[in-house]
Amino acid sequence: MGAPDMDELSFTDSQLHFYVKDALKAAIQGDCDFYNQLVAVIHRKERLSAADVALLVTCLKAVTGAVSCIHISHHKSLLAAILRMSLWDYGTNVMDALLELLVALASSNGEHVNLCLEMLVSNFVPPSAYFEKHRGPSKKSEVLDRVHSTLIDIANLVPLSPLILEKIVRDKMPHVYVKEQPIVMYVENMLRLESGAMGELVGSMALIVLMDKLVELDVEIAWKDILEDDFQKDVFDFELEDLAEPADNFNQENKEFTREASMQRFCSGNHPEKLDSLMVLTFEHLKCCFETGRLVQVFEILLQSFRITVLTAYKSKFAQFVMFYACSLDPENCGKLFADALVDIFVNGVHPEWRMSAVAYLASYLARAKFLPVPLIAIMLERVVDWCSKYCKNWGSDINPKAQKVFYAGCQATMYVLCFRMKQMLAIPRLKSQLQLMQIDAILGHPLKPLQVCLPSIVDEFLRQAKENRVCFLPERLADQDFLESKHSTVFGGTEKLGMFFPFDPILLPNCDRYIRPNYVYWSMVRSSYDEEGTSDEDVADAYDCEDGMSIPDDRSGKGCDEEDCDADEFSPSFEKMSITPRDSSHRFGGRMPSRIRPSMSPESL
Amino acid sequence: MAGLEECEANLIVYLHPSKENCARDAILSELSTLLFTYNETVGGVVLAYDPSILSNLAKIVPGTFPCFGVQLKAKLLLFNPKPDMVLEGEVVKLTPNSIHAVVLGFSSAVIADDDIRDEFKYKIKGGEEVYVSRTHRKHKIKVGTIVRFSMKSFDEEILHISGSLLAPHIGGVRWLDKNLEEWSRADSTATKRNTGDRKLENYTLTTYETSVKSDEQIEKSKKKRRQHT
């Protein structure tokens, strides 16, 4: 029979697929007439009239009936035309016909499965023109709902397809340099897979790939963009600025440098914005997981990823807040799991840098997590102190920052946590005695001299609080050291400066901050609780409970500021260095800070 | 079901030194990478394994990093279907042009319309798709039922089976199992007439076979006697 003319098709749909089959078989023999016409119809994309659309739908349905005759090498142009189609370019009837064809293709022949899944995954993200035209959300849900249900249909017919899908989704993950919207959309789809029917099969891959991507973006953000320059006030001051009224001119000059302003400036760059959006997406997903009761399983995968990627990354800046947020949703399970894991790595781990990193995470976490019950903090602290205590019983020698760095990290962590939590712990009699039994003074007074090796700012603050609360009796630190780091603390931190790593310092990503803020302990809250004379237990509790640490009465701020201002010319005063990663005082800057925060695009700051 | 075999394999599993403490777990996870892939060495898709470690000593093998090789014997369950073998799978989708089934829960099987014998007709009954036999109205193939088919080809990479329902004694298992006796009896008299038909002899049917055959012989002999008398 001669090839029918496409424009004059008058037979029914069921008959049409016989013609298509014949055409496919004929094409293998060399007679490509009808076959080429078919390919031409499928290629049409621009300005389709209603008749064109109907023709396209009919052709797709006809090909669906003839999939058993499609051969991967003989019918390349047909397959290419089909797989080139983007669902975003068509209406719902074409979409439905196309997706049915894909399902039929995938289930008819093993060779097609890969191609069909790849095509579906590439439809996770629309073509770039879509973003420019600002089409509404209805298109997005039309396409993505269908894509995901098709993936499930294929998985029902080809049980091993999720294995292939896993690999494809992982490989097609956009690069960090891609624009924000496509990456965010792709991740949205990945998370949808995770919470969908195939979640058990591809979910853990999705979460691990996401964490890897967050760390990749994190690493792209340079530390020098974060560390404060020669402000007269330190980054930490911003916390107090939030609540204090600028009382004098000195303060007013620097008023603009509130934390919000610094966040805005910081986030003008590319990568911080992407990281911010992705983390918010992750937070929302975690919230959904919590509401459906799946958070613990998801958290276990995140924890695994944390151990492998985040913990070992060089001073991850913000990605770890994913763990913080997850813990805040479920303190009893996830919160405890996280703390346990970190203590375990510190006590039983093998690699010294990772142990130091783990205890830095632990210290920052225990200090900052508002949702953690104080008794739990005490238990974790006790485990760290126990380890330190056993360690120094075995080592009697003198100060040696390099060799004993894990021990010094443990001591510094203990002091750091107590700077934040001492008042709270002392308020509970049981914990007070537990604290006294820990015999921290024995460890800190040991010949290994941790007080001389750990960061002076932390040591000073700890000693001050310890003296004030009459917790333990320790000698004052030697007075000559006003600098940020003693010569010993630079050594113990090593080239990576792990001694100055406070991973859960206030987050500088504005959208994420909204999620973290209600669960976060700011230094100002701690400060306020011991600034008052004769602070009662209720006041301590109040200071911690208040939303942003802002309930401090006005007169406090003046006192606080005075202490700060006294050595503003030098590196910032001691208590400020407490909670925020201290300025990098390395010789690179010639002892002075660069003049301004600059986004990573303009390196001339150095 | 045809195509399943058990074999015993002597294997050496090479482990990274860091796995020294948890060697057994590491071995099991290495073996699990074999699952659901076609392995040419053992000649089939590995479905299950049962290792027994021969000794606690392992040989250290030098290389980029040294690893240690643990010798073990493992019983493996293999799936190695050959053409014309009769397989069974659960029907997951029916279309006018094809029947899709899943074999052993992991392998996707498709029977194209060219390979479905004319006896079966596609219908939609009460909103449900079904293939009904024209000769025996109760012989149906529906979604969720088991279909018995013969294998045409097996794609070793994606583990995809292409099947056929052309041969006579295959179709919906529920009906076949109930009516096998009757059918094979009817067929055996047919075989006598069509001596050239060798197809039946190649079928490996289920355990009904032996009991049916013995009954058959009795019936045949009775019939013969009746005919003669």
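A few notes on this one:
- Residue match in the stretch B:69-80 (condition: touching a His at 6+ places or on another chain (Cβ under 6 Å), of a type in the set (A, V, I, L, M, F, W, C), at pLDDT below 90 and more than 30 Å from A:Q15 (Cβ to Cβ)): no
- The listed residues are B:K82, B:K93, and the only one of them that is away from chain A (no Cβ under 14 Å) and touching a residue at least 12 places away in the same chain (Cβ under 8 Å) turns out to be B:K82.
- Where helices (runs of 4 or more DSSP H) fall entirely within the stretch A:81-155, those with at least 3 residues that are within 14 Å of another protein chain (Cβ to nearest Cβ) and more than 20 Å from A:V53 (Cα to Cα) are at A:92-108, A:110-122.
- If you check B:L76, B:L35, B:L54, B:L87 for being more than 14 Å from every other protein chain (Cβ to nearest Cβ), out of contact with any Pro (no Cβ under 7 Å at 6 or more places or on another chain) and within 26 Å of B:A109 (Cα to Cα), only one passes: B:L76.
- One residue from A:L376, A:L275 being closer than 30 Å to A:L201 by Cα, part of a helix (DSSP H, G or I) and not β-branched (V, I, T): A:L275
- The residues of the stretch B:124-139 that are part of a strand (DSSP E or B) and either loosely packed, with under 14 Cβ neighbours inside 10 Å or among the small types (G, A, S) (or both), listed by number, are B:I124, B:K125, B:E128, B:S133.
- Residue within the stretch A:11-21 that is over 28 Å from B:S162 (Cα atoms), over 52 Å from the mean Cα position of the chain (by Cα) and not in a helix (DSSP H, G or I) present: yes
- Taken over the stretch A:289-306, the criterion of being among the hydrophobic types (A, V, I, L, M, F, W, C), free of Cβ contacts under 8 Å to residues at least 40 places away in the same chain and either touching a Lys or Arg at 6+ places or on another chain (Cβ under 6 Å) or more than 10 Å from A:A326 (Cα to Cα) (or both) is satisfied by A:L303 alone.
- The set of residues from the stretch B:151-167 being more than 11 Å from every other protein chain (Cβ to nearest Cβ) and either over 18 Å from B:G105 (Cβ atoms) or touching a His at 6+ places or on another chain (Cβ under 7 Å) (or both) comprises B:K152, B:S164, B:L165, B:L166, B:A167.
Each row is one residue, and each column tells you yes or no for (1) β-branched (V, I, T); (2) within 30 Å of A:K61 (Cα to Cα).
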| residue | (1), (2) |
| --- | --- |
| B:E6 | no, no |
| B:E30 | no, no |
| B:A48 | no, no |
| B:L54 | no, no |
| B:K59 | no, no |
| B:T64 | yes, no |
| B:K75 | no, no |
| B:E88 | no, yes |
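- The listed residue being of a type in the set (A, V, I, L, M), without any contact (Cβ under 8 Å) to a residue 12 or more places away in the chain and not in a loop (DSSP other than H, G, I, E, B), out of A:A51, A:A62, A:A27: A:A51
- Among the residues listed as A:S397, A:S389, A:S433, the single one being part of a loop (DSSP other than H, G, I, E, B) and over 22 Å from A:S524 (Cβ atoms): A:S397
- The number of residues in the stretch A:348-373 being part of a helix (DSSP H, G or I), more than 20 Å from the chain's Cα centre (by Cα) and buried (at least 17 other Cβ atoms within 10 Å of the Cβ) comes to 3.
- Test: residue in the stretch B:102-111 that is surrounded by fewer than 18 Cβ atoms within 10 Å (Cβ to Cβ), within 11 Å of another protein chain (Cβ to nearest Cβ) and part of a strand (DSSP E or B): no
- Look at the stretch A:388-403: where a residue is in contact (Cβ under 8 Å) with a residue 60 or more places away in the chain and farther than 20 Å from A:E353 by Cβ and a partner is in a helix (DSSP H, G or I) and β-branched (V, I, T), sitting 6+ places away or on another chain with Cβ atoms under 7 Å, you get A:I399/A:V453.
- Filtered by the rule that a residue be outside any loop (DSSP other than H, G, I, E, B), within 30 Å of B:L104 (Cα to Cα) and not aliphatic (A, V, I, L, M), the stretch B:37-68 gives B:Y38, B:N39, B:G44, B:Y49, B:D50, B:P51, B:S52.
Yes/no per residue for (1) without any contact (Cβ under 8 Å) to a residue 24 or more places away in the chain; (2) under 22 Å from the mean Cα position of the chain (by Cα):
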| position | (1), (2) |
| --- | --- |
| B:M1 | no, yes |
| B:I12 | no, no |
| B:S29 | yes, no |
| B:K59 | yes, no |
| B:V70 | no, no |
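The values are calculated or read from the model by the stated rules, or taken from the named source; none is laboratory data. These numbers come from a predicted model, not from an experiment. Please note: Cβ atoms are built from the backbone with ideal geometry, for glycine as well, and neighbour counts cover all protein chains shown.
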